[in-house]
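The values are calculated or read from the model by the stated rules, or taken from the named source; none is laboratory data. Please read all numbers here as calculations on a predicted model, not as lab measurements. No Cβ is skipped: glycine too gets one built from the backbone with ideal geometry, and neighbour counts run over all protein chains shown. For accessibility, only protein heavy atoms count, side chains too; no ligands or nucleic acids. Shrake-Rupley method; radii C 1.70, N 1.55, O 1.52, S 1.80 Å.
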Amino acid sequence: PLNASDFSSFLLQAQGSGAQILGLANAGGDTINAVKAANEFGITKGMKLAGLLMFINDVHSLGLKTTEGMYLTDSWYWNQTPEARAWSRRFFEKMKRMPSSLQAADYSAVTHYLKAVDAIKTDDADKVIAQMKATPIKDFYTTGTIRKEDGRGIHDM
């Protein structure tokens with residue numbers, strides 16, 4: 001349930017199911033509260049948690065003891081390639097923390113936009129979009145992005 005303050009009945013029901021893994025199909029504060037509650041109820045002693053949408057910031061917020069042994073999915077990780085590591089080190093020098101996938105994706109997208117504007121020397125939206133579509137995306141965040149006709153990009157995770 002969205003914005004639930006009490007996950008206890010759901011967690012205890014999941015614990016009683018006999019499952020080995022509890023998938024948390026929530027995000028943000030709900031995920032953090034559910035992970036905390038699962039630890040408090042001792043659910044993590046016999047069941048692994050899997051955050052289906054979780055970011056490095058969430059792990060930092062919860063702490064390593066609370067997230068130990070968890071599975072999680074994310075679209076990008078700061079240490080996945082030499083290019084990602086190099087960009088992340090620069091980010092860390094300024095921010096004093098490693099970047100999340102959202103921060104990296106935003107930087108990648110804005111950089112792609114700015115390169116298009118620079119290449120055509122205008123910010124006319126139609127021309128910029130045409131330039132962006134004509135330019136492959138290959139940076140620290142993604143390589144080989146597939147562009148759909150509606151403008152969305154699909155990349156490996």
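Taking a Cβ cut-off of under 10 Å around Phe140, the surrounding Lys, Arg, Asp and Glu residues balance to a net charge of +1, with basic ones at +1 and acidic ones at -1.
For the chain, the number of Lys pairs separated by eight or more positions or lying on different chains, with C-alpha atoms closer than 25 Å, is 18.
Per residue and in Å³, how big is the convex hull formed by the alpha-carbon atoms of the stretch 33-157? Don't skip to the answer; put the middle values down first.
Details: hull volume 17.2 nm³, N = 125.
For the stretch 33-157, the hull spanned by Cα atoms encloses 138 Å³ per residue.
Sequentially through the stretch 88-94, phi angles give Karplus couplings (6.51, -1.76, 1.60; θ = phi - 60°) of 5, 4, 5, 4, 4, 4, 8 Hz, Gly and Pro residues having no value and appearing as x.
Computed with a 1.4 Å probe over protein heavy atoms only, the accessible surface of the stretch 44-112 comes to 62 Å² per residue.
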